[in-house]
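Q: Questions regarding the structure given below will be posed in turn.
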Amino acid sequence: MATKSTPDIVFSCPLCRGSLVTHSGAVGHSVTCAHCRETIVVPLAPAVTDATLAPGVRRVNTKIKKEEVLNPLAAELATMTLLYSETRAQLAAVREELHQTRLQEEQANVQIDARIRDLQRQLDRVINRLAASPKQPRV
Ligand SMILES: [Zn+2]
């Protein structure tokens with residue numbers, strides 16, 4: 001138990017929900033949970049002394065501590081959900097771009113094929129003209 005000059009804070013282990021007491025100077029520091037032996041960070045919370053805690057007050061205080069653990073998690077979840085939807089939107093945009101590029105490629109291939117057939121016909125005409133000319137040797 002800490003001295004009177006460093007008020008105790010009561011909080012729940014975010015991993016095992018075990019009730020823990022430490023001095024307010026430990027906020028933000030890593031401690032080992034006395035229940036599950038995992039390393040946890042003491043959450044930021046208003047300091048309360050055991051002397052001021054009636055049993056009902058302690059229960060309310062514990063609920064506040066849980067929210068302080070859950071709120072950052074909820075914020076993180078909201079951020080990740082936003083990131084996920086943004087990533088999905090970007091992926092959809094890339095897919096659409098890829099689709100458009102493929103369409104352009106198909107159109108380009110059609111034009112190239114048409115151009116090749118056109119050149120082939122011109123070449124055939126030249127060859128036929130040369131073949132029809134008595135002064136020119138056969139190719
Ligand atoms: Zn624990």
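Q: Counting only residues that are within 15 Å of K66 (Cα to Cα) and exposed (fewer than 15 other Cβ atoms within 10 Å of the Cβ), which one in region 19-31 is farthest from the ligand (Cβ to nearest atom)?
A: Here the residue is V21.
Q: Restricting attention to region 36-46, which residues are surrounded by 14 or more Cβ atoms within 10 Å (Cβ to Cβ) and within 15 Å of the ligand (Cβ to nearest atom)?
A: I40, V42, P43
Q: Would you mind stating whether L44 is within 20 Å of C13 (Cβ to Cβ) and at pLDDT 75 or above?
A: Yes: the conditions hold for L44.
Q: Assess whether L15 counts as being among the aliphatic types (A, V, I, L, M), modelled with pLDDT of 90 or more and in a helix (DSSP H, G or I).
A: no
Q: Among L91, L70, which is the only one that is farther than 30 Å from C16 by Cβ and either without any contact (Cβ under 8 Å) to a residue 40 or more places away in the chain or surrounded by 10 or more Cβ atoms within 10 Å (Cβ to Cβ) (or both)?
A: Only one candidate qualifies: L91.
The values are calculated or read from the model by the stated rules, or taken from the named source; none is laboratory data. Keep in mind that this is a model prediction, so the values were computed, not measured. Quick reminder, even Gly has a Cβ in these numbers, built from the backbone with ideal geometry, and neighbours come from all protein chains shown.
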